[in-house]
1. Straight-line reach from Lys4: which aspartates and glutamates have a Cα under 19 Å away, not including same-chain ones fewer than 8 places off?
2. Give me the distance in nm between label points sitting 7 Å out from Cα along the Cα-to-Cβ direction at Phe9 and Thr57, one decimal.
3. Taking H placed 1.01 Å from N in the peptide plane, check which residues at least 5 places from Thr64 or on another chain put their amide H under 5 Å from its amide H.
4. Of the trypsin sites (Lys or Arg not before Pro) in segment 17-52, which ones lie in a loop per DSSP and count no more than 12 other C-beta atoms within 10 Å?
5. How would Glu16, Glu29 rank on accessible area, largest to smallest, probe 1.4 Å?
6. Quick one: P(r) of segment 7-81 from all Cα-Cα pairs, 5 Å bins, percents rounded to integers, in order of increasing distance.
7. Sort out for me the Cα centre separation of segment 1-39 from segment 45-59, rounded to whole Å.
8. Which ³J(HN,Hα) values in Hz, rounded to whole numbers, follow from the phi angles of segment 53-68 under the Karplus curve 6.51 cos²θ - 1.76 cosθ + 1.60, where θ = phi - 60° and Gly and Pro get x?
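The values are calculated or read from the model by the stated rules, or taken from the named source; none is laboratory data. Note that the coordinates shown come from a computational prediction; the quantities given were computed from them, not determined experimentally. Here the Cβ positions follow ideal geometry from the backbone for every residue, glycine too, while neighbour counts run over all protein chains shown. Ligands, DNA and RNA are stripped out before the accessible areas are found, and what is left, the full protein with its side chains, is counted by its heavy atoms. Shrake-Rupley method; radii C 1.70, N 1.55, O 1.52, S 1.80 Å.
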Amino acid sequence: MNPKTYIYFVGETKYETDQAVLTGRQIKERIKDYPVGYALWLDGHGSDPDRLIGDDTPVDFAATRGADHFHLAPPGNFGSR
């Protein structure tokens, strides 16, 4: 039996893995020319809010029905004046 393949996207780039769970660090390591210091966000489904994925945060691809979509955001100083 072949292992299941999980598909996810970071921006417009498609990635595949046979691992049901990856950490934020593992996802970032697969991104070519990952901009150091940028945050990885998991796009929310429907009305769910986007979720910040830290380096040690697990993402369970088996728990979702379709391909997960992520985006990168530069470091910010949200809320400061």
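1. Within reach: Glu16, Asp18, Asp60, Asp68.
2. 2.0 nm
3. none
4. Within segment 17-52, the qualifying trypsin sites (Lys or Arg not before Pro) (loop, at most 12 other Cβ atoms within 10 Å) are Lys32.
5. Largest accessible area first, the residues go Glu29, Glu16.
6. Pair shares across the bins are 3, 14, 28, 28, 15, 7, 3, 1, 0.
7. Answer, in whole Å: 14.
8. 10, x, 4, 9, 7, x, 10, 9, 5, 6, 7, 10, 7, x, 6, 7
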